[in-house]
Amino acid sequence: MESLTLLISAADVAEAVQRLAQDIDKDYANRHPVIVVVLKGAFMFAADLVRAMQTPIQTIEFIQASSYGTATVSSGAVSVVMGLGPEAIAHQDVIVVEDIIDTGTTTARILADLQTYQPASLKLCALMDKPDRRKVAVAIDYLGMAVPDRFIVGYGTDFAQKYRQLGAVYAIEEEN
Ligand code: IMP
Ligand code: MG
């Protein structure tokens, strides 16, 4: 079994999401960005983020990349499970929405792939960042909050597919 420790309350998550939406609105005045949601973990964050944004969105696209399996330690190998075509991205202002940047491996790979489709601009919005774990440099243009080097669940993020539905963010401890 596991035990959960509250790290970020639902109210604090909501506040961070509002702030990010406002920052994006300021920067994208008169533009219509394409939102690329990285499944599965970012689904809840993205749903709240786009509702908090005033900026009209061109399209919302979904991609899935996985480097985890069921372990809490990244395997380092990234596979893009579902891609999207260049036509969705070419000449568009693209914002990639991620749940959490850990080693940076997954996001760096996704950004590099999307860059080959020649977007007009490409930005990254992540709810959480674990800076202590970074192996690959990733510039986070819009960041909700830094979190400690602990395994995170809730608000879309999972441990072996569990806990995604929780409205707050927790650190998980495995008990024997
Ligand atoms: P990275 O490639 O190591 O940066 O990990 C990328 C992905 O792994 C993130 O987008 C998350 O979906 C997932 N991930 C990383 N850290 C955690 C965590 O603490 N809890 C749940 N998922 C995580
Ligand atoms: Mg993710």
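The values are calculated or read from the model by the stated rules, or taken from the named source; none is laboratory data. Small disclaimer: the values here were computed from a predicted structure and weren't measured. Using ideal geometry, Cβ is built from the backbone for each residue, glycine included, and neighbour counts are taken over all protein chains shown. Heads up: the accessible areas ignore ligands, DNA and RNA and are worked out on the full protein's heavy atoms, side chains in. Shrake-Rupley method; radii C 1.70, N 1.55, O 1.52, S 1.80 Å.
Once fully extended, how much extra length lies between R51 and A146, figured as 0.36 nm per residue of separation less the alpha-carbon to alpha-carbon distance?
Details: separation 95, 0.36 × 95 = 34.20 nm, distance 2.28 nm.
Length difference between fully extended and current span is 31.9 nm.
In a GNM of the chain with a 10 Å cut-off on Cα contacts, which of I100, I57, I24 has the highest mean-square fluctuation?
It is I57.
Given R₀ = 30 Å, what would the calculated FRET efficiency be for R31 paired with R134, taking r from the Cβ atoms and rounding to 0.05?
The calculated FRET efficiency here is 0.50.
Taking 7 Å along the Cα-to-C-beta vector as the label spot, tell me the Q64-S9 distance in nanometres, rounded to one decimal.
3.5 nm
What accessible area per residue comes out for the chain, rounded to a whole number of Å², with a 1.4 Å probe?
Values: 8550 Å² over 176 residues.
Roughly 49 Å² per residue, with all protein chains present.
When only C-alpha pairs under 8 Å and at least 6 residues apart count, what is the relative contact order of the stretch 17-145, in percent? Numbers along the way, then the final one.
Details: 243 pairs, mean separation 32.2, N = 129.
Relative contact order here is 25 percent.
Quick one: Karplus J couplings for the stretch 23-38, per residue in order, coefficients 6.51, -1.76, 1.60, θ = phi - 60°, nearest Hz, x for Gly and Pro?
4, 5, 4, 4, 6, 10, 3, 6, 10, 10, x, 8, 9, 10, 8, 8
What do you reckon, how do S66, S121 stack up by accessible area (1.4 Å probe), largest on top? Don't skip to the end; give the middle numbers.
Working: S66 50, S121 25 Å².
Putting S66, S121 in descending order of accessible area: S66, S121.
In the chain, what % of DSSP beta bridges are antiparallel (nearest 5)? Each step should come with its number before you reach the end.
Values: 13 of 35 bridges.
Antiparallel bridges make up about 35 percent of those DSSP assigns within the chain.
May I ask you to give the percent of accessible area on the stretch 17-145 that is carbon plus sulfur, with a probe radius of 1.4 Å? Before the final figure, lay out each step's value.
Numbers: 3080 of 6020 Å².
It is 51 percent, rounded to a whole number.
May I ask for the net charge around I89, where only other residues with Cβ less than 11 Å from the Cβ of I89 are counted and Lys, Arg are +1 while Asp, Glu are -1? Don't skip to the answer; put the middle values down first.
Details: positive: none; negative: E61, E87, D93, D113.
Charge balance in the 11 Å sphere: -4.
Dipole of the chain, Cα-centred, from +1 at each Lys and Arg C-beta and -1 at each Asp and Glu C-beta, to the nearest 20 debye? Provide the component values of the computation, followed by the final result.
Details: 14 positive and 22 negative charges, 49 e Å.
With Lys and Arg at +1 and Asp and Glu at -1, about 240 debye.
Mind checking which of Q22, M1, T107 is farthest towards the positive end of the chain's charge dipole, using Cβ charges of +1 (Lys, Arg) and -1 (Asp, Glu) about the Cα centre?
Projecting each Cα onto the dipole axis, the largest value belongs to T107.
Mind pulling the angle between the C-alpha long axis of helix 105-115 and the longest principal axis of the chain? Nearest 10 degrees, somewhere in 0 to 90.
Tilt relative to the chain: about 10 degrees.
Would you kindly state how much longer the chain becomes between A120 and E2 on full extension, computed as 0.36 nm times their sequence separation minus their alpha carbon distance, in nm to one decimal? Let's see the in-between values first.
Working: separation 118, 0.36 × 118 = 42.48 nm, distance 4.44 nm.
Residue separation times 0.36 nm, minus the Cα-Cα distance, leaves 38.0 nm.
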